[in-house]
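Beneath this line is the structure, given in C-alpha cells, with notes to follow.
Throughout, read-outs are computed from the coordinates displayed, never taken from laboratory work. Remember, it's a predicted structure, so these values are computed and weren't measured experimentally. Glycine gets a Cβ as well: all are built from the backbone with ideal geometry, and neighbour counts include every protein chain shown.
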Amino acid sequence: MLNPWDHFRAALIVLHIVVLSVACLPPYAPNTKLGVLAPEQAWGLLMADAGLVQSGVEGADQLLAVWKGFATFRDTVVQPFRPYLRVAGIGQGWKMFGNSKNTSARLEIHGLDAGGAWQPLYVEQTTHQWHGRLLNHSRIRSQRSLFANKKFRRRYTDMVHWLAKDGLQDDRWSAIRIRYQGVRIPKIDRLEGALIATKIYWERVIAREDLP
Amino acid sequence: MKAWNTLVTALAYREKGTSLALFRIFISLTICGELLTTWWSGAASFLWHLQADGGFKEVISSSHWLFSMLGGATTSTVDGVFSVALVASMMVLVGLGTQGFAFISLVTLQALFSLQLGSGGGHARVMTLALFGLVLAASDATLSLTCRLRTGQWTSDRHVPAWPRYVGIWQLTVIYVFSGSAKTSPHWLPFGEMDAVYNVLLTPVWSRGSWELYIEPFYRLTQLSSVVTMVWELTWFVVPLMLLWRASGRRWAFDPRPLYLGLGLVMHLVLWVATNLGPFSPITLSFYVLLYGPEEMREVVGRFAPAGCLGGRET
C-alpha cells in the first residue's frame, strides 16, 4: 500500500534524475587548433556532400547555431538547480576524449653542468625521471596540460620556480631549463616507431643568480 | 496515473543490501587509494600547500564554504581537511556511521578539489556524486562494522531501499551515453578515420608508455576499438531500459548486461593499464556492482566463491 511519503520520495527522485540528466549534457567547446577537423566542420562537409547546404562552412555554422540554442535552453532549465548540483557534486558534462587530437607536448627539465652542457633530469616517458613520482601523478599531469591555456600561464611560472629552486640545490647545475617539446602523432603509415617533434614551447631558464 | 503508481511502487521497493554494500566498499577503496597516492607522490603538498611549506603557488585560494569557515586555505587547514577526508573515507569503507561519514567525505573532497581547479578530472566528480549517493543510501546493512556490531555477523539479509541503486545505474548511464554523444568527431566514426583511440594512446600527457614503439601491429584493433567504444557508450541506455522493462513484468529477449559489462571491463582495464587517467577506471567500474540486484549477485558470486560469503542470517 503506497502512502504519501512514497509519492513524495518518488517525485524527488524523478526530479533528481531529470535535473541530473539535463545538467550533464556535454558542453560543446569548438576547438580549431587541434590539428584535426572539428566535429562541426566534418559534419558540415558531410551535409554539403549530401546537398543539404551550399558549403561545409554553412553546414558547420548551422550546426553550431542549433547547438548553442540547445545549450542556452539547458542552462536556463538548470539554473534554479545550480546550488543543489553544487552540493550534490553532480552536473558535470561528460565528454571523455570527445575531441580527438593529434598534437601534444612532453615536459622536459634539464640541468646546465660545469661544461656548459644541458643534462636531462626529467623527460616525459623516458628513463630520466627526476621527481618522476610527483610529475607523473595524474593530478599533476592534468594540471600540466592546462598550461597551454594562457589563463594558467601564471601557474606554469610558479611550477617552473618550484622545480628550478629544487634542482639548483644540487651543486652540479648552474641553471635549470624547463620547457615543453611539442609533438605530433603521425598517421599510422608514417609512424615509424616515433612521434614527430615539432616546436619548443614556453622555455624558461632559471640560473642560480635568478633565485631570490 | 497507473504508470506513476508503478514507478512509485518500484522506487519503494526494498531488497537485501549486498549490491549497495559492495558499491560502498569499491567507491571508498578507490577514494582512499586516490588520497593516499596523492599524498605519497608529493602531489598533495605540491598542489595544496603554500610555497613556504613546499607547495608551488604563493597563494592558494578556494571559494569553498568550508575553507571560508576555517579562515581560508592555508597549509594547516588544508592538511586538516585532507586528514578528515581520509578518515571519513576509511569509515565509509568499514561501514560505521556510513551516511554521516559519506557526507563528511563528500564535503571535504569538494573543498580539496576546489583548491586547484584542473588538478584532477572527471573522476573527481564521479567520486563526489558517488558519495552523494552513499549519503542517501543505507549501504552498511551488510558487509560492514555496523552489521557486525548489530548482529555479530559480517553479513546480513536486512532489507534496504533499492532506489539509490537505481539512481546509481542511471548516473552511470548518463556518464556513458553523454560521453558517447560527445564523440561526434569523424575520428570516432565508421566513415571517418577511426583513429581516436590510436591518438589517445599515443598522447604523451595521457599515455603511460611509449606505445608508438609497439602500436603498429594493433592499429586495426585501435580502429575497431574507436567505433566499438562510441557505439557501446551511445547505446548503454539499453541496460537500464531492459531493467525497467523486466521490472514491469514484461519479457526481454536477452540480458545485455554481460555484453555491456564485459566490454566496459575490457575498455576500462586497457585504459587503466595503458593510460594515466588517475582513478577514472576503478571509480567508474565501482558502479557496475549496482547493475545486479543482491539475489542475482549472490548467484554470480556463488559460482566462484564459497557459499554464503555474501549472505548472512535474516535479521
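How well do other chains shield peptide A:99-109, expressed as the mean number of their Cβ atoms within 10 Å of each residue Cβ?
On the way: counts 7, 16, 6, 8, 2, 7, 3, 2, 2, 0, 0.
Per residue, the number of nearby Cβ atoms from other chains is 5 on average.
Once all Cα-Cα distances of chain B are split into 20 Å bins that start at 0, what whole-number percent is in each one?
28, 54, 18, 0
Please arrange B:C147, B:C32 by how many other C-beta atoms lie within 10 Å of their C-beta, fewest to most.
In increasing order of surrounding Cβ atoms, one gets B:C32, B:C147.
Simple spin-label model, 7 Å along Cα-to-Cβ: A:I196 to A:W5 in nm?
Distance between label points: 6.7 nm.
Packing-wise, with mean Cβ within 10 Å as the measure, how do A:122-129, A:49-56, B:191-198 rank, highest first? Mind dumping the intermediate values first?
On the way: A:122-129: 16.0, A:49-56: 12.4, B:191-198: 22.2.
By packing density, highest mean first, the sequence is B:191-198, A:122-129, A:49-56.
Quick one: among A:M47, A:M159, A:M96, which has the greatest mean-square fluctuation in a GNM of chain A with alpha-carbon springs under 10 angstrom?
The residue with the greatest mean-square fluctuation here is A:M96.
From the alpha carbon gyration tensor of chain A, can you work out the equivalent ellipsoid semi-axes (sqrt of 5 times each eigenvalue) and give them in Å, largest to smallest?
Details: eigenvalues 404, 156, 44 Å².
Equivalent-ellipsoid dimensions as semi-axes: 45, 28, 15 Å.
Sorting A:D61, A:D170 on the 10 Å Cβ count, fewest up front, what's the list? Write out the running numbers ahead of the final one.
Values: A:D61 14, A:D170 11.
In increasing order of surrounding Cβ atoms, one gets A:D170, A:D61.
So what are the three principal axis dimensions of segment B:15-149 from its Cα atoms, in whole Å, longest to shortest?
Answer, in whole Å and largest first: 52, 29, 26 Å.
Could you identify which residue out of A:T198, A:T76, A:T103 has the top mean-square fluctuation in a GNM of chain A using Cα springs shorter than 10 Å?
Judging by the Gaussian network model, the answer is A:T76.
Sequence gap at least 6, Cα distance under 8 Å: using those rules, report the relative contact order of chain B to the nearest whole percent.
Values: 429 pairs, mean separation 73.7, N = 315.
Normalised by residue count, the contact order of chain B is 23 percent.
Got a sec? Charge dipole of segment B:1-158, +1 on Cβ for Lys and Arg, -1 for Asp and Glu; which of B:L29, B:S41, B:A141 is way out at the positive end?
B:A141
Shielding of B:192-204 by partners, i.e. mean partner chain Cβ atoms within 10 Å per residue? Intermediate results must be reported in sequence, preceding the final value.
Values: counts 6, 6, 1, 6, 7, 2, 6, 11, 5, 1, 7, 11, 13.
Partner-chain Cβ atoms within 10 Å, mean over residues of B:192-204: 6.
Extension gain A:R208-A:V22, at 0.36 nm per residue separation less the Cα-Cα distance, in nm? Working shown, then result.
Numbers: separation 186, 0.36 × 186 = 66.96 nm, distance 5.37 nm.
Length gained, A:R208 through A:V22: 61.6 nm.
Inside 10 Å of the C-beta atoms of B:35-41, what's the mean count of C-beta atoms belonging to other chains? Working shown, then result.
Working: counts 0, 0, 4, 4, 0, 2, 10.
Neighbouring Cβ atoms belonging to other protein chains average 3 per residue here.
What list of ³J(HN,Hα) values in whole Hz, one per residue of segment B:205-211 in order, does the Karplus curve 6.51 cos²θ - 1.76 cosθ + 1.60 (θ = phi - 60°) give from phi, with Gly and Pro shown as x?
Residue by residue, segment B:205-211 yields 5, 9, 6, 7, x, 8, 5 Hz.
How big is the Rg/Rh ratio for segment B:124-185, C-alpha atoms only, Rh by Kirkwood, two decimals? All intermediate terms of the calculation are to be shown ahead of the outcome.
Numbers: Rg = 16.0 Å, Rh = 13.6 Å.
With Rg and the Kirkwood Rh in hand, the quotient comes to 1.17.
May I ask you to order B:171-179, B:256-264 by the average number of other C-beta atoms within 10 Å around their residues, highest value first? It would help to have the intermediate numbers written out before the result.
On the way: B:171-179: 22.2, B:256-264: 15.8.
Highest to lowest by the protection proxy: B:171-179, B:256-264.
Let me spell out the model: positive unit charges on the Cβ of Lys and Arg, negative unit charges on the Cβ of Asp and Glu, origin at the Cα centre of segment B:162-297. What dipole size does that give, in debye rounded to 20? Don't skip to the answer; put the middle values down first.
Details: 8 positive and 8 negative charges, 88 e Å.
Taking the Cα centre of segment B:162-297 as origin, the dipole is about 420 debye.
Say a paramagnetic label sat at a point 7 Å from the Cα of B:L221, along Cα to Cβ; which residues of segment B:262-280 have their backbone N under 12 Å from it?
Once the point is set 7 Å along Cα→Cβ of B:L221, B:270 turn out to lie under 12 Å by backbone N, inside segment B:262-280.
With no solvent and one point on each alpha carbon, what is the Debye value of log10 I(q)/I(0) for the protein assembly as shown at q = 0.09 Å⁻¹?
Scattering profile of the protein assembly as shown, log10 relative to I(0): -0.75.
Using alpha carbons only, how many angstrom separate the centre of segment B:40-66 from the centre of segment B:132-203?
Their Cα centres are 30 Å away from one another.
What pairs in A:K101/A:K165; A:K68/B:K183; A:K101/B:K183; A:K101/A:K151 have C-alpha atoms more than 24 Å from each other? Spell out each step's value before the answer.
Working: A:K101/A:K165 34 Å; A:K68/B:K183 17 Å; A:K101/B:K183 12 Å; A:K101/A:K151 21 Å.
With Cα atoms farther than 24 Å apart: A:K101/A:K165.
Determine the relative contact order of chain A: mean sequence separation of Cα pairs under 8 Å and six or more apart, normalised by residue count, in whole percent. Don't skip to the answer; put the middle values down first.
On the way: 241 pairs, mean separation 36.0, N = 212.
Once divided by the residue count of chain A, the mean separation gives 17 percent.
When the convex hull of the C-alpha atoms of segment A:103-210 is computed, what volume per residue in Å³ does it have?
Numbers: hull volume 12.7 nm³, N = 108.
Here the figure is 118 Å³ per residue.
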